[in-house]
Amino acid sequence: MDRSFVILPEEQAPEGIEHCELCELSKQRNRVVWGEGNPQASLMMILDNPGAREDREGNSFLCGTRETLQFGMREAGIDVNEVYVTYLLKRRPMRAYNKPEVRAACLPHLQMQIFQKRPLVLFGFGNVVAEALFPDKESAVVKELRGSWHEFQGTSISFTYHPLAVRRRPNLLRFFVEDLKALKEKWKEIQHARI
């Protein structure tokens, strides 16, 4: 694997949300991480939660999730500077938590973010994001959703495996890259339709 990955610039949380206490993650002493990358990007990627951002010494650190995501993007020909990466949960969980409660508290932040940024395309990673965005779908799992396009808040969305699942199971890498290539095609198609 090519190791020349980048730490994307972080976007500050909006005023009033940087100290959000709507869920129990606020008691885990982690800060709110709103998103990273290009805040004006027309492609928004959604991960379940922020990964480690600093090593034990406090130096900026590229976690395995971001590394695998950037590798897949590079393989698919997606420029890392043209995307915005955000999270369902805006804090990194440090220990066990009430998942349904925390997801329900955090989802409105993501919905507001999508509404404000109005991306052309959304792309979700992993079952946690799929289940949170489509709670009424019988089989809101990546295996069922990948390879096709859906709508969330009036925006086209598709899904692929979580980058950490791909790291743990290298046989998924081929599908991961395939899905990112399909994303690039859809994104280009929507951009051309808007011209």
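The values are calculated or read from the model by the stated rules, or taken from the named source; none is laboratory data. Fair warning: this is a prediction, and the values are worked out from it, not measured in the lab. Cβ atoms come from the backbone with ideal geometry, glycine included; neighbour counts cover every protein chain shown. Areas reflect the complete protein model, heavy atoms only, side chains present, ligands, DNA and RNA absent. Shrake-Rupley method; radii C 1.70, N 1.55, O 1.52, S 1.80 Å.
Structure notes:
- Filter result for GLY37 (surrounded by 15 or more Cβ atoms within 10 Å (Cβ to Cβ), farther than 23 Å from VAL141 by Cα and among the small types (Gly, Ala, Ser)): yes
- Residue check for ILE190: touching a His at 6+ places or on another chain (Cβ under 6 Å) and among the β-branched types (Val, Ile, Thr): no
Per-residue answers, yes or no, for (1) at pLDDT below 90; (2) assigned to a strand (DSSP E or B); (3) not aliphatic (A, V, I, L, M):
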| site | (1), (2), (3) |
| --- | --- |
| VAL102 | yes, no, no |
| LEU110 | no, no, no |
| ALA132 | no, no, no |
| ALA140 | yes, no, no |
| GLU144 | no, no, yes |
| SER156 | no, yes, yes |
| PHE159 | no, yes, yes |
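- Of all residues in the stretch 97-113, those satisfying the criterion of being closer than 16 Å to ILE157 by Cα and either more than 16 Å from the chain's Cα centre (by Cα) or surrounded by 19 or more Cβ atoms within 10 Å (Cβ to Cβ) (or both) are LEU110, GLN113.
- Scanning the stretch 112-130 for residues that are in a loop (DSSP other than H, G, I, E, B) and of a type in the set (Lys, Arg) yields one hit, ARG118.
- Residue tally, condition in contact (Cβ under 8 Å) with a residue 60 or more places away in the chain, under 11 Å from PHE123 (Cα atoms) and open to solvent by 50 Å² or more (accessible area, probe 1.4 Å), over the stretch 144-195: 1
- The stretch 14-25 - residue that is in contact (Cβ under 8 Å) with a residue 12 or more places away in the chain and open to solvent by 30 Å² or more (accessible area, probe 1.4 Å) and, of those, nearest to GLU82 (Cα to Cα): PRO14
- MET73 being part of a helix (DSSP H, G or I), closer than 30 Å to ARG174 by Cβ and not small (Gly, Ala, Ser): yes
- Among residues of the stretch 72-89 that are buried (at least 22 other Cβ atoms within 10 Å of the Cβ), those with a Cβ under 6 angstrom from a residue that is among the acidic types (Asp, Glu), sequence gap 6+ or separate chain, pair up as VAL85/GLU36; LEU88/ASP48.
- Listed conditions (1) open to solvent by 40 Å² or more (accessible area, probe 1.4 Å); (2) in contact (Cβ under 8 Å) with a residue 40 or more places away in the chain are all met by ALA132, apart from (1).
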